[in-house]
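Read the structure below first, then the notes.
No value in this document is a laboratory result; all are computed from the given coordinates. These numbers were taken from a predicted model, which means no experiment stands behind them. No Cβ is skipped: glycine too gets one built from the backbone with ideal geometry, and neighbour counts run over all protein chains shown.
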Amino acid sequence: MAAMLLPLIVALVFLSSPCSSSDPDPLQDFCVGDLKGAISVNGFPCKLMSEVKPSEFFYDGLTKEGNTSNPFGATVTAANVLAFPALNTLGISMNRVDFAPGGLNPPHLHPRASEAGVVIMGELLVGFVTTDNVFRSKVLKPGEMFVIPRGVVHFQLNVGKGKAMTVTSFNSQMPGAVVLPLNLFASQPSLPNEVLTKAFRVDQNVINEIKSKFG
Ligand SMILES: *[C@@H]1O[C@H](CO)[C@@H](O)[C@H](O)[C@H]1NC(C)=O
């Protein structure tokens, strides 16, 4: 009996460990992702170490200002494992978010990572809503930081006079983003109107209008 319970106990201890990080720990110094690798693993297979060039450990994709000419007035430039394959298996990544005046990084969540960010330019209202529906927010200036717990719905709104920019970091090589307006109103195929009218307690016209905004 005890022998049968042992694997269960080990599993429970492991799952409840306060030290478990978001992504699995690496088993080697580095594993620069082979994004075109033929085999599928949890992450990407490693390029041969002998074929990895020093330049692959550096990435300049966040030097460029994102194009904010879109309906949200904000653009996320992701430096995740897809853009920067040297992050593969290291459990970290970053984003740059640029905002036009009034721009919004709309309510979204990251299923695989907590987020820490620092405002670089402008003034951002940063807010999140926890699972008990409590809203917390603050207007932040350059150098000031915020944290967004994993899986929690959050946004950033440019409340300053000019442009704004923040750099964010994640404890996952691929945090993922569920952008609520797109997830609910722009999915392919689209959610049935019956689901959305009931969920938001409005009639079809309202749902159709919102869906039409997303093409
Ligand atoms: C920014 O995006 C808009 C809309 O897609 C496009 O018309 C414009 O040319 C882009 N600007 C630059 C500098 O790339």
Exercise for the section: For the range 136-150, name all the residues that are closer than 22 Å to G176 by Cα and surrounded by fewer than 17 Cβ atoms within 10 Å (Cβ to Cβ). Expected result: M145, V147, P149, R150
Exercise for the section: May I ask you to verify whether T77 is within 16 Å of the ligand (Cβ to nearest atom), closer than 30 Å to V52 by Cβ and surrounded by 17 or more Cβ atoms within 10 Å (Cβ to Cβ)? Expected result: yes
Handout entry: Filter result for P107 (more than 16 Å from the ligand (Cβ to nearest atom), more than 14 Å from V167 (Cβ to Cβ) and in contact with a helix residue (DSSP H, G or I) (Cβ under 9 Å, 6 or more places away or on another chain))
Key = yes
Exercise for the section: Go through the residues of the range 202-213 one by one and say whether even a single one is surrounded by 17 or more Cβ atoms within 10 Å (Cβ to Cβ), charged (D, E, K, R) and not in a strand (DSSP E or B). Expected result: yes
